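The values are calculated or read from the model by the stated rules, or taken from the named source; none is laboratory data. Fair warning: this is a prediction, and the values are worked out from it, not measured in the lab. Positions of Cβ are backbone-derived with ideal geometry, glycine not excepted, and every protein chain shown enters the neighbour counts.
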Amino acid sequence: MKANRESRALAAIVLAAGLSSRMKENKLLLHWKNSTVIGWVVSQLVKAEMRRIFVVTGRDANVVESLTSFPGVKHIYNKLYADGEMLHSLQAGLKMLPGEVDATLVVLGDQPQIEIETIQLVARAFEDNPNCKLILPSFQNRRGHPWIVARELWDEIISMEPPDNLRTFLQRYSGEITYVLVNTTTIFADIDTPQDYQESLKN
């Protein structure tokens, strides 16, 4: 297993550049447990022993950087963040990853319900299946986050332009997806509205 881990290097890209337009304030800075939404997401990746973590920033970039300044975490600024396209954040991240990285774990910055076990299950599937290009968690036939995309497909993502998005990308490569079955709905959970936030605090 160790040899596999060394030969296929995995990095996490945390998409944290959004405008939070439906929240009316920056949702990443909202309180979550003993941290903030974005601080908690990145701390879970650290606890899951992800060695390479890259946070893509945009709105309130300096504040987001300060909240995610864990050892080894690097930050990438998405100059196009104001257009609100998640695709451009992932593109910015992929372009800056070091050459030794073979695949990336795509993580939503507004998904503080993310579970360490899910991160580890998806990462383990990457280690155990060297030919997999796409690995997604699935619960009751619904796919969610975080998911892994191998370097072989990065150029496809980098060359995409709206109205294409990550959903259309996954549809295009649906035949390449390996699913990891999980027993949690947290893979769908994110925070878009004040109501989402209040409901999530109850769980």
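If you check 114, 135 for being surrounded by 17 or more Cβ atoms within 10 Å (Cβ to Cβ), under 23 Å from residue 28 (Cβ atoms) and in contact (Cβ under 8 Å) with a residue 12 or more places away in the chain, only one passes: 114. For the stretch 38-56, the criterion of a residue being in contact with a helix residue (DSSP H, G or I) (Cβ under 9 Å, 6 or more places away or on another chain) and more than 26 Å from residue 124 (Cβ to Cβ) is satisfied by no position. Annotation note: Cβ proximity below 6 Å between a residue of the stretch 178-200 that is under 22 Å from residue 15 (Cα atoms) and of a type in the set (D, E, K, R) and a residue that is surrounded by fewer than 17 Cβ atoms within 10 Å (Cβ to Cβ) and modelled with pLDDT under 95 (sequence gap 6+ or interchain) occurs for 192/22.
When 66, 43 are screened for being small (Gly, Ala, Ser) and under 23 Å from residue 196 (Cα atoms), only 43 passes. The selection criterion, being surrounded by fewer than 17 Cβ atoms within 10 Å (Cβ to Cβ), within 22 Å of residue 28 (Cα to Cα) and of a type outside the set (Ser, Thr, Tyr), does not hold for residue 93. Against the definition (closer than 22 Å to residue 150 by Cβ and without any contact (Cβ under 8 Å) to a residue 24 or more places away in the chain), how does residue 79 come out, yes or no? The answer is no for residue 79.
Take the conditions surrounded by fewer than 19 Cβ atoms within 10 Å (Cβ to Cβ) and of a type in the set (A, V, I, L, M, F, W, C) and apply them to residue 170. Does it pass? Here the answer is yes, as residue 170 does meet what is asked.
Scanning the stretch 144-197 for residues that are more than 15 Å from the chain's Cα centre (by Cα), assigned to a strand (DSSP E or B) and either within 15 Å of residue 134 (Cβ to Cβ) or modelled with pLDDT under 95 (or both) yields 177, 178, 179, 180.
Restricting the first member to the stretch 55-71 and to residues that are within 15 Å of residue 13 (Cβ to Cβ), and the second to residues that are surrounded by fewer than 13 Cβ atoms within 10 Å (Cβ to Cβ) and not β-branched (Val, Ile, Thr), the beta-carbon pairs closer than 8 Å and six or more apart or on different chains are 58/82.
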